[in-house]
Amino acid sequence: MALAFAALGSSPAAAISTYSSWNGSDSITDFGCPNTTTYGQVITIPKGKTHLGKFHFSWINLNTGSMVVRGEVYAWDGVKATGSALYESNPKTISFSDGLFHKVGFKATLVPVTPGQQYVIFASIDKDFEKCTNNYEMGWGFIFSDVYSGGGFVYQNNTGDENQWTTTPWNTFSGDDTAFKVAVSP
């Protein structure tokens, strides 16, 4: 049975990742409350891949407090998220007490995507904005160059208004990228 499956030319799961280009210390700030509540990365789905899986970013604590975040996946229209959420994680409370980077992951499973199309994977506190304490903020692992040609870092200063995700153009840094990894599969 395994030989028959292999003979059909199945392509294995893969990942889109910028971690090999990240120096492990650079970051972009300030993700959190009260202002920059949404950070993300635009990606392009590779040929032959039709599903998106788990994804993660690296975050570092900037002060004390806590926030509740959700991971999201939306289609991307070139300037903003579009349509309905293709994936939304359960709320996740974040409160790091050290000055180290932590990989924060979201367990998306078999999210249908289209090869060649762009999507935005992101984290936001917008839907749980009132649960952010002490103006808690974090830095995201960041690469100050365009190492991933399929997209780039995007963000919104939307102060807890998730309706802006699909109605207001997002800000960008000319293609610079977050430190991220996302699984894609056939």
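The values are calculated or read from the model by the stated rules, or taken from the named source; none is laboratory data. Since the structure is predicted, the reported quantities are computational estimates derived from the model, not experimental observations. A quick note on method: Cβ atoms are made from the backbone with ideal geometry, for glycine too, and the neighbour counts reach across all protein chains shown. Heavy atoms of the whole protein, side chains included, go into the accessibility calculation; ligands, DNA and RNA do not. Shrake-Rupley method; radii C 1.70, N 1.55, O 1.52, S 1.80 Å.
Residues checked against (1) surrounded by fewer than 17 Cβ atoms within 10 Å (Cβ to Cβ); (2) touching a residue at least 60 places away in the same chain (Cβ under 8 Å):
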residue: D77; (1), (2): yes, no
residue: Y87; (1), (2): no, no
residue: I125; (1), (2): no, yes
residue: G141; (1), (2): no, yes
residue: G151; (1), (2): no, yes
residue: T166; (1), (2): yes, yes
residue: F173; (1), (2): yes, yes
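Taking T18, is it at pLDDT 95 or above, farther than 27 Å from T167 by Cα and of a type in the set (V, I, T)? Taking the combined requirement at face value, the residue satisfies it.
Checking each residue of segment 17-37 against the condition of being over 18 Å from L100 (Cβ atoms), part of a strand (DSSP E or B) and open to solvent by 10 Å² or more (accessible area, probe 1.4 Å) gives at least one match. Selection over segment 18-38 of residues that are more than 22 Å from D146 (Cβ to Cβ) and under 15 Å from the mean Cα position of the chain (by Cα) gives a count of 2.
Is it fair to say G40 is assigned to a strand (DSSP E or B) and of a type in the set (G, A, S)? Criteria met by G40. Scanning segment 130-172 for residues that are closer than 29 Å to S97 by Cβ, part of a loop (DSSP other than H, G, I, E, B) and among the hydrophobic types (A, V, I, L, M, F, W, C) returns C132, F144. Apart from one condition, S66 fits all of (1) open to solvent by 70 Å² or more (accessible area, probe 1.4 Å); (2) over 21 Å from A179 (Cα atoms); (3) not acidic (D, E); the exception is (1). Of all the residues in segment 111-123, those that are surrounded by fewer than 12 Cβ atoms within 10 Å (Cβ to Cβ) and hydroxyl-bearing (S, T, Y) number 1. When restricted to residues that are modelled with pLDDT of 95 or more and either crowded, with 18+ Cβ neighbours inside 10 Å or more than 20 Å from K181 (Cβ to Cβ) (or both), segment 99-110 contains 4.
Checking V120, V113, V104 one by one, the residue that is of a type in the set (V, I, T), farther than 20 Å from I28 by Cα, touching a residue at least 12 places away in the same chain (Cβ under 8 Å) and in contact with a Lys or Arg (Cβ under 9 Å, 6 or more places away or on another chain) is V113 and no other.
With respect to G83, determine if the residue is open to solvent by 10 Å² or more (accessible area, probe 1.4 Å), touching a residue at least 24 places away in the same chain (Cβ under 8 Å), at positive phi and in a strand (DSSP E or B). Criteria met by G83.
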